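None of the figures in this text is laboratory data; all of them are computed from the coordinates on show. The structure displayed is predicted, hence computed values, not measured ones. Cβ placement follows ideal geometry from the backbone for every residue including glycine, while neighbour counts extend to all protein chains displayed.
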Ligand code: DWN
């Protein structure tokens, strides 16, 4: 049984950046549910992948040094620990991970053809298809077996999880390893980062729910890592139960203990979270309005999908935030989805006349603070809403 715990109102597609502002931007009600049985947290209205992940998808994984470094570190670990003959990445985006591997030993799957084109051009074989069983069958006929499948921030974007794991099960070799990483539900609740919910994030995973989803396919989590990326993520290392080469690490048991202690298995925890989300909304609106009434110039830093949730939920527009700045080519000179706030190309002088910068990309706080030392030195300040709205 599923029960709703949060309603984030009407939200546009988080990566639908339009060149012309319209107050009729298509929006969908964003309600979040907890499933008592599987412990899975999901959004109610699931938008078809084909509407969200198009040949104009703007997000690029390699736009931040933090992510580039994280992928470089992981690629070294994969080679050392598993040394796969052939590996596959589901959702390879612009190749931030696969470009660290030998071109002959890695295959990318990326349904957004504008992104798949980038890696294909560089010589990394990339299929511009959605991940599903027919593709897995086609790949099995061509490559026989794959001994490592990796996927970051992608499986939570696919509505039919049974099809996802059935397809992985079909293609992965008997002793093959599956590594997935996605934002951690526990961290989301701890940090009150309700902006992890938007139409692309159909699910927010925990060890408790992943364990339940994969067991029907004979898979189990044998190790995990808590990561700082994307506001706190978990990297799950998964194998078939029949593979006795790897023992279940203590880290898996510890994480389950932590999740249970926090109450991820109880509805009351989610109810409490929803109260904190409402408080956060009021506090952020109050803080920004007070600064604006003192004629302060506020801009947004990082036109993230997360910021789209915040702006639309808190009803913040260009009467409060003058503009956003971002480095992603396909977001420049467009509008924040659902709001009349323009996005300008980042340059090192863009913060010159700015008093406050709201961190849309709060997950890259350290990277950004380092980059914007000049802004901070002359008295400029960042604003964040994580874990509570404040000036930092
Ligand atoms: O799951 C998803 C995650 C991984 O990425 C996707 N569904 C969509 C996307 O979510 P997001 O937009 O919230 O992701 P990021 O990685 O937090 O986006 C950072 C944004 O900030 C990018 O547009 C790049 C920009 N940026 C910038 O302009 N200057 C980032 C840094 C570090 C900077 O210095």
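Cβ crowding within 10 Å, taken as a proxy for footprinting-reagent exposure, orders 193, 159 from fewest neighbours to most as 159, 193. For the pair residue 142 and residue 10 in one chain, pulling the backbone fully straight at 0.36 nm per residue adds 43.1 nm over the alpha carbon distance. Distance from the C-alpha centroid of the range 196-268 to that of the range 342-357: 39 Å, rounded to the whole angstrom.
Label the range 49-156 by shape, choosing from rounded, prolate and oblate, from the square roots a ≥ b ≥ c of the eigenvalues of the Cα gyration tensor; if a/c is under 1.5 it is rounded, and otherwise prolate applies when a/b is larger than b/c, oblate when it is not. Oblate shape, in that a/c is at least 1.5 and b/c is the bigger or equal ratio. Once you order the gyration tensor axes a ≥ b ≥ c over the Cα atoms, which shape class does the range 32-77 get: rounded for a/c under 1.5, otherwise prolate or oblate by comparing a/b with b/c? The shape class here is oblate.
The angle separating the long axis of helix 250-262 from the principal Cα axis of greatest extent in the chain is about 40 degrees.
Counting beta carbons within 10 Å around each of 1, 52 and listing the fewest first gives the order 1, 52.
Run the numbers for residue 266 and residue 249: contour at 0.36 nm per residue of separation, minus the present Cα-Cα distance, in nm. Before the final figure, lay out each step's value.
Working: separation 17, 0.36 × 17 = 6.12 nm, distance 2.53 nm.
Difference between extended and current length: 3.6 nm.
Does the range 197-338 come out rounded, prolate or oblate, given a ≥ b ≥ c as the square roots of the eigenvalues of its C-alpha gyration tensor, rounded meaning a/c under 1.5 and, failing that, prolate meaning a/b above b/c? Let's see the in-between values first.
On the way: a/c = 3.14, a/b = 2.06, b/c = 1.52.
It comes out prolate by the Cα gyration axes.
Find, to one decimal place in angstroms, the Kirkwood hydrodynamic radius of the range 159-221, where the mean of 1/r is taken over every pair of different Cα atoms and then inverted. That comes to 13.1 Å for the range 159-221. Label reach from residue 317 (point 7 Å along Cα→C-beta): in the range 342-383, amide nitrogens under 15 Å belong to 342. For the chain, take the longest principal axis of its alpha carbons; what is the angle in degrees between that and the long axis of helix 305-314, to the nearest 10 within 0 to 90? The answer is roughly 50 degrees. A simple spin-label model places pseudo-atoms 7 Å from Cα toward Cβ; at residue 285 and residue 212 they are separated by 3.4 nm.
In what order do 38, 268, 280 fall by count of nearby beta-carbon atoms within 10 Å, going from fewest to most? Before the final figure, lay out each step's value.
Numbers: 38 16, 268 9, 280 22.
Listing 38, 268, 280 from fewest to most nearby Cβ atoms yields 268, 38, 280.
Rounded to 0.05, the FRET efficiency of the residue 348 and residue 113 pair, given R0 = 30 Å and the Cβ-Cβ distance, is 0.35. Note on the range 1-43 and the range 111-167: Cα centroid distance 25 Å, given to the nearest whole angstrom.
Pairwise Cα distances in the range 128-177 exceed 16 Å for 36 percent of all pairs. Note on the chain: Cα convex hull, mean projected area over all directions, 18.6 nm².
Relative contact order for the chain using alpha-carbon pairs under 8 Å, separation at least 6, rounded to a whole percent? Working shown, then result.
On the way: 764 pairs, mean separation 67.7, N = 392.
Normalised by residue count, the contact order of the chain is 17 percent.
Looking at the range 12-157, send over the antiparallel percent of its DSSP beta bridges, to the nearest 5. Before the final figure, lay out each step's value.
Details: 4 of 13 bridges.
If I count the DSSP bridges inside the range 12-157, around 30 percent turn out antiparallel.
With both labels modelled 7 Å from their Cα along Cα-to-Cβ, the residue 276 to residue 160 distance reads 3.6 nm. Between residue 390 and residue 37, the FRET efficiency from the beta-carbon distance, with R0 = 51 Å, is close to 0.85.
Please give the length that would be gained between residue 22 and residue 105 if that part of the chain were fully extended, namely 0.36 nm times their separation in residues minus their C-alpha to C-alpha distance (nm, one decimal).
Values: separation 83, 0.36 × 83 = 29.88 nm, distance 4.57 nm.
So the chain would gain 25.3 nm between residue 22 and residue 105.
Which FRET efficiency value, to the nearest 0.05, is calculated for residue 50 and residue 86 with the Förster distance at 41 angstrom and r the Cβ-Cβ distance? Efficiency at R0 = 41 Å is approximately 0.90. How high is the relative contact order of the range 88-246, in percent, counting Cα pairs under 8 Å that sit 6 or more residues apart? 19 percent. Cα centroid separation, the range 291-318 to the range 359-390: 14 Å.
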